[in-house]
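Working notes, structure below.
The values are calculated or read from the model by the stated rules, or taken from the named source; none is laboratory data. This structure is a prediction, so every number in the text was calculated from the model and none was measured. Cβ sites come from the backbone with ideal geometry, for glycine too, and all protein chains shown count toward neighbours. Accessible surface areas use protein heavy atoms only, side chains included; no ligands, DNA or RNA. Shrake-Rupley method; radii C 1.70, N 1.55, O 1.52, S 1.80 Å.
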Amino acid sequence: MKRSEINTLIQDAKDFFASFRFALPPWAFWSPEQWKGKGASEVVQNQLGWDLTDYGAGDFEHRGLILFTIRNGNLAARHPKKYAEKIMIVREDQVCPMHFHWAKTEDIINRGGGNLVIELYGSTPSEELAREPLAVSVDGFTRIVQPGGKIILTPGESIFLEQGMYHRFYGEPGKGKVLVGEVSSVNDDNTDNRFHEPQARFPEIDEDEAPLHLLCTDYPNYV
């Protein structure tokens with residue numbers, strides 16, 4: 001992805017969050033220069049902040065995600081924080097590909113805007129898509145979902161995803177962009193994503209202009 005495209009998407013994201021009065025921490029708006037000397041901070045060490053990916057497909061509009069990690073622990077560093085929180089923007093028909101987590105459990109929450117469609121499978125011991133129905137908790141009530149079945153979350157609704165539960169999600173066509181929250185156990189995007197079809201988690205960046213704000217993967221080059 002071009003850095004100029006990433007800068008535009010981050011600016012659009014800031015405007016979208018603001019339209020819902022969802023406030024980000026002050027450091028979300030820092031320039032790259034302001035990060036110098038901050039390498040020992042929890043923000044840098046635990047990969048908080050701006051995160052954007054096209055999953056290596058080069059088609060962000062249809063296969064991608066922009067998010068902001070607000071808080072997170074760090075299992076490798078034995079950080080005392082055992083939880084994480086993210087805020088995301090999911091566009092209509094913009095797919096987050098099918099994946100599960102070995103360690104993380106999470107609540108995915110529709111915080112506002114359009115409807116969020118989640119497709120679900122269980123997983124087999126060999127990490128393939130299971131062909132049996134699965135039970136899933138939606139706002140504390142159990143639903144039985146057929147393999148590949150869909151749960152549509154309207155604003156205010158949430159779903160609990162267990163370890164090993166394959167899921168992919170996207171915004172329902174015709175309903176607009178979705179403000180999506182995630183509350184989870186500690187998040188590690190370097191080791192805890194099992195994509196059904198192998199793909200990149202973080203983008204390769206063409207530095208055609210300077211960063212507006214740093215992505216969490218940019219920190220090592222600036223702090």
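Quick notes on this structure:
- Degrees between helix 3-19 axis and first principal axis of the chain (Cα, 0 to 90, nearest 10): 70 degrees
- Computed Kirkwood radius, in angstrom, where 1/r is averaged over Cα pairs of the stretch 112-223: 16.6 Å
- Here is how the number arises for the chain: DSSP H runs of 4 or more residues each give -39500 (n - 2.57), the sum is divided by the residue count, and the result at 222 nm is -3000 deg cm²/dmol.
- A simple count of charges around Gln146, restricted to other residues whose Cβ falls under 11 Å of its Cβ and scoring Lys, Arg +1 and Asp, Glu -1, yields +1.
- Within the accessible area of the chain, the carbon and sulfur atoms contribute 50%, probe 1.4 Å, all protein chains present.
- Distance histogram for the stretch 1-141 (every C-alpha pair counted, 5 angstrom bins, percent rounded to whole numbers): 2, 7, 14, 18, 19, 19, 12, 6, 3, 1, 0
- Using θ = phi - 60° and Karplus 6.51 cos²θ - 1.76 cosθ + 1.60, couplings along the stretch 129-141 (whole Hz; Gly, Pro as x): 6, 6, 10, 9, x, 10, 9, 9, 8, 10, 6, x, 10
- When Trp35, Trp27, Trp102 are compared by accessible area of protein heavy atoms, the largest-first order is Trp102, Trp27, Trp35, using a 1.4 Å probe.
- Distance from the stretch 87-126 to the stretch 169-191 (C-alpha centre basis), Å: 6 Å
- Averaged over its residues, the stretch 13-92 has an accessible area of 50 Å² per residue, based on protein heavy atoms and a 1.4 Å probe.
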